[in-house]
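Shown next, in structure tokens, is the structure this report addresses.
The values are calculated or read from the model by the stated rules, or taken from the named source; none is laboratory data. Not measured: the values here are computed from a predicted model. Positions of Cβ are backbone-derived with ideal geometry, glycine not excepted, and every protein chain shown enters the neighbour counts.
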Amino acid sequence: MEFVLYEVKGQTGIITISREKALNALNSAVLEELDKTLDSVDLDTVRCLILTGAGQKSFVAGADIGEMSTLTKAEGEAFGKKGNDVFRKLETFPIPVIAAINGFALGGGCEISMSCDIRICSDNAVFGQPEVGLGITPGFGGTQRLARLVGPGMAKQMIYTARNIKADEALRIGLVNAVYPQEELMAAAEKMAAGIAKNAPIAVRNCKKAINDGLEAGMDEAIVIEEKLFGDCFETEDQKYGMAFFLDKNKEKVKEPFQNK
Ligand code: DAK
């Protein structure tokens, strides 16, 4: 791959968008490589993903403006579909995805981070949806996911004004969960990923599905979604082991890793 690096550390897969000379902007090639990378993740061994950008300056500075500038209506729709399909694949990916936002997260960069389950950022991170200043609307889900994450009032303010916000404000409005010094960001992301990876994998996946699917449903339907995914856990060996371990009175026993079964 030319623009996307993939590395596995323990049970964590690290995806790095690596197009540093354009601040990791998303062109068609990056989107295609991201799609292929996600398809290649070994879900038997990898339990959490981290998505980040190469370098110290930018996570993703948006969709590639150079590529977009000459698109026809049909090509614009095709580009949008390519992006939306990858973003949706990330959002519904069976295992959790942590966005480690190491700098600019503008336009499509902010949007791709919002397709991840959890966002943490470096202290130099900058977020924004600058699209209306370019004569377009956010097109990779920004109008939808930002409003769901930070509420419609703040999302509308950010989108209509196209004003960028810094890491501390992103934290205050709930766009990110935590801010770290740049040099500590990846270690924090890896630590969080390892913390997720040690839990029962099928239960974690079912939690992701329950939260995502439930958010798209009314409460009556959402509760049924939760019940079903809760019930499914009782067919797993990990549930049997996890509960038996808790009930075992032998305090000397060491907990075994969950088996993903
Ligand atoms: N696209 C292409 N190249 C980019 C880029 C981008 N988004 N952002 C930066 N670059 C390139 C710059 O052109 C420059 O290239 P060279 O001139 O060196 O060849 C290089 O990266 C370094 O950038 P700067 O020289 O500008 O660096 P600065 O530190 O001065 O400024 C900056 C950093 C992030 C403030 C600035 O580069 C900037 O404002 N970049 C653009 C940010 C932006 O507006 N992003 C949003 C793009 S719009 C849709 C689907 C998707 C979308 C919309 C609709 N449909 C389906 C409907 C998504 C839209 C967007 O994401």
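Taking the criterion of being under 19 Å from Ile95 (Cβ atoms), surrounded by fewer than 16 Cβ atoms within 10 Å (Cβ to Cβ) and over 27 Å from the mean Cα position of the chain (by Cα), the only residue of segment 236-261 that qualifies is Glu237. Has segment 4-16 got any residue that is surrounded by 14 or more Cβ atoms within 10 Å (Cβ to Cβ) and within 16 Å of the ligand (Cβ to nearest atom)? So far as segment 4-16 goes, no, none of its residues is surrounded by 14 or more Cβ atoms within 10 Å (Cβ to Cβ) and within 16 Å of the ligand (Cβ to nearest atom).
Quick one: is Ile101 near the ligand (Cβ under 7 Å from one of its atoms) and not charged (D, E, K, R)?
no
Working only within segment 159-171, note down all residues that are farther than 16 Å from Lys57 by Cβ and either at pLDDT below 95 or over 19 Å from the mean Cα position of the chain (by Cα) (or both). Ile159, Tyr160, Thr161, Ala162, Arg163, Ile165, Asp168, Glu169, listed by residue number. The numbered conditions (1) in a loop (DSSP other than H, G, I, E, B); (2) in contact with a Leu (Cβ under 6 Å, 6 or more places away or on another chain) are all true for Gly174 except (2). Hey, could you check segment 126-171 for residues that are in contact with a Ser or Thr (Cβ under 9 Å, 6 or more places away or on another chain) and in a loop (DSSP other than H, G, I, E, B) and say which is farthest from Ile98 (Cα to Cα)? The selected residue is Thr137.
Per the listing Lys81, Lys73, Lys57, Lys89, the residue uniquely among the charged types (D, E, K, R), closer than 25 Å to Leu185 by Cα and within 15 Å of the ligand (Cβ to nearest atom) is Lys57. Among the residues of segment 77-95, write down those that are of a type outside the set (A, V, I, L, M) and surrounded by 21 or more Cβ atoms within 10 Å (Cβ to Cβ). Matches in segment 77-95: Phe79, Gly83, Phe87. Sort through Ala217, Ala222 and tell me the only one that's under 26 Å from Leu90 (Cβ atoms), modelled with pLDDT of 95 or more and not in a helix (DSSP H, G or I). None of the other options fit; the residue is Ala217. The residues of segment 58-76 that are buried (at least 17 other Cβ atoms within 10 Å of the Cβ) and either touching a strand residue (DSSP E or B) at 6+ places or on another chain (Cβ under 7 Å) or basic (Lys, Arg) (or both), listed by number, are Ser58, Phe59, Val60, Ala61, Gly62, Ala63, Asp64.
Filtered by the rule that a residue be in contact (Cβ under 8 Å) with a residue 60 or more places away in the chain, within 16 Å of the ligand (Cβ to nearest atom) and surrounded by fewer than 23 Cβ atoms within 10 Å (Cβ to Cβ), segment 137-161 gives a lone residue, Gly139. Considering only residues in segment 17-50 that are within 13 Å of the ligand (Cβ to nearest atom) and among the aliphatic types (A, V, I, L, M), the one that is farthest from the chain's Cα centre (by Cα) turns out to be Ala22. Scanning segment 64-80 for residues that are of a type in the set (Asp, Glu) and in a helix (DSSP H, G or I) returns Glu67, Glu75, Glu77.
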